[in-house]
1. Being closer than 14 Å to Tyr177 by Cα and part of a helix (DSSP H, G or I) is the filter here; which residues of the range 11-35 pass it?
2. Go through (1) without any contact (Cβ under 8 Å) to a residue 24 or more places away in the chain; (2) assigned to a loop (DSSP other than H, G, I, E, B) and name the single condition Ala38 misses.
3. For the range 41-60, which positions are in contact (Cβ under 8 Å) with a residue 40 or more places away in the chain, more than 19 Å from the chain's Cα centre (by Cα) and closer than 28 Å to Pro178 by Cβ?
4. Could you please let me know if Thr223 is in a loop (DSSP other than H, G, I, E, B), at pLDDT 95 or above and away from ligand 2 (no atom under 16 Å from the Cβ)?
5. Val203 passes all but one of (1) part of a loop (DSSP other than H, G, I, E, B); (2) surrounded by fewer than 18 Cβ atoms within 10 Å (Cβ to Cβ); (3) in contact (Cβ under 8 Å) with a residue 12 or more places away in the chain; which number fails?
6. Go through the range 41-65 and give me each residue that's part of a helix (DSSP H, G or I) and either of a type in the set (Phe, Trp, Tyr) or at positive phi (or both).
7. Return the only residue of Glu230, Glu259 being in contact (Cβ under 8 Å) with a residue 12 or more places away in the chain and within 30 Å of Pro23 (Cβ to Cβ).
8. Mind telling me which of the residues Val245, Val307, Val292, Val272 ends up being within 16 Å of ligand 3 (Cβ to nearest atom), among the β-branched types (Val, Ile, Thr) and out of contact with any His (no Cβ under 9 Å at 6 or more places or on another chain)?
Amino acid sequence: MRRSEPLPSLDELVAMAAERGIPHLGVAPATVLDRARAALHERKAAGLHAGMAFTYRDPDRSTDPQRAVPGARSVLVAARPYLADEVPRRPSGPQARVARYAWVDHYAPLRDALRDMARRLKRSGERAVAFADDNAIVDREVAHLGGLGWFGKNANLLLPGAGSYFVLGCVVTTAEYPVATPVADGCGSCRRCLDGCPTGAIVAPGVVDATRCLAWLVQQPGTFPPEHREALGDRLYGCDDCQEVCPPTVRWGPRHTVELGAAPDVQAWVDVLELLDASDADLLDRHGRWYVPERDPRWIRRNALVVLGNIGDPHDERTRRTLDRYRVGTDPVLAEHAEWAAAQLGLIGTTT
Ligand code: B12
Ligand code: SF4
Ligand code: SF4
């Protein structure tokens, strides 16, 4: 391999990451992620993955850094904060909530910085590939092995002194760096997240049943399970509850924040009625960076209809007109959700 520049030291890489808004960088071994592999197979067999693909598509691939980069010797793991200093105020009218990690695209700047790091390693003759939220590797497990944090009972990776409002990514590389020591458990006897989950989706410490997790239910295609519609409340995309009740995250998170930029790019609240009036093109333009199955905006509208059923004003003329329109629309799934919402608001007799 051609080596045009000396291999950067770990300190140099840490400094490079810090300059790009990544305050935490660690090193994991590039060996098989045994625990994650076993968990993926077990949870898939038990149906806890609820049909999700992602890292479940091929567990043997997503848990083997060698499949990502043959000959890899290290995985540089990175955490970038996404908690914002400024919390956008909730506008008036029926507004749907977006989880913090999706207010803006936090993955793009993380990936850009990691790709630059990979390029720097390549200039030293090494192979290196950057990943963040990619099906190729289980981010939390490598981040844990790379000494960034501990697995909370809410399944999130918590960074000591910082909490869990971080997105994670890594660079798998043939370069060799000293591997970090994993961080010890910091949850102790706390179990607030297990008790605080609105649907009881944390079925054991560190184990999320995706068939009940609102963060997955808003992403999966098909009918929104009727038994979890009320629990969805005003959430349109993502769910923060198991982090909002987490004492270390609440205590430490505000010390580690990012600047978001200006509206309209910041999407903390979405006007439900406006959303339900918007065209496919507009919805994909505004929310296309979210995970929307088949890139079909009907799934965003489905979530919005459930939200409207939970928080809408039955006396508001526009709400009634919107629900009526969807109830007689050509999409049977949306018609059923509109029917449910109208019944919730007492506009028609109950549908169940
Ligand atoms: C699939 C997926 C989901 C699914 C399933 C979540 C899950 N818990 O697996 C859904 C759609 C529900 C989801 C939701 C969210 N996600 Co998500 N998701 C992923 C994805 C694509 C794969 C995760 C995976 O492979 N899970 C498989 C299972 C086996 O892993 P696990 O639950 O972590 O299991 C581990 C623990 O159980 C632990 N363990 C084993 N034994 C024990 C015992 C004890 C006592 C404990 C505590 C732990 C423990 O080991 C297991 C194996 O590593 C990753 C990106 C990636 N490529 O990795 C993002 C990722 C995990 N998600 C992320 C985020 C931000 C979220 C949300 C917070 C978003 C939101 N606000 O809605 C929620 C949080 C929900 C939750 N409580 O987990 C971040 C996590 C950041 C962090 N600090 O942890 C990731 C890493 C994306 C990223 N690159 O930043 N997600
Ligand atoms: S994201 Fe929400 S629904 Fe999913 S485990 Fe956490 S609190 Fe429960
Ligand atoms: S709420 Fe408590 S148990 Fe759950 S992740 Fe946070 S510290 Fe751990």
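1. So in the range 11-35, the residues closer than 14 Å to Tyr177 by Cα come out as 11-14, 25-31.
Asp11, Glu12, Leu13, Val14 - these are the residues of the range 11-35 that are closer than 14 Å to Tyr177 by Cα and part of a helix (DSSP H, G or I).
2. Ala38 satisfies every listed condition except (2).
3. None; the set is empty.
4. On the way: in a loop (DSSP other than H, G, I, E, B): yes; at pLDDT 95 or above: yes; away from ligand 2 (no atom under 16 Å from the Cβ): yes.
When the stated conditions are applied, Thr223 passes them.
5. Val203 satisfies all of (1) part of a loop (DSSP other than H, G, I, E, B); (2) surrounded by fewer than 18 Cβ atoms within 10 Å (Cβ to Cβ); (3) in contact (Cβ under 8 Å) with a residue 12 or more places away in the chain except (1).
6. Let us first name the residues in the range 41-65 that are part of a helix (DSSP H, G or I), namely 41-45, 54-56, 59-62, 65.
Answer for the range 41-65, where residues must be part of a helix (DSSP H, G or I) and either of a type in the set (Phe, Trp, Tyr) or at positive phi (or both): Phe54, Tyr56.
7. Values: Glu230 fails: within 30 Å of Pro23 (Cβ to Cβ).
On inspection, the qualifying residue turns out to be Glu259.
8. Val245
The values are calculated or read from the model by the stated rules, or taken from the named source; none is laboratory data. Keep in mind that what you see is a predicted model, and the values were worked out from it rather than measured. Cβ atoms come from the backbone with ideal geometry, glycine included; neighbour counts cover every protein chain shown.
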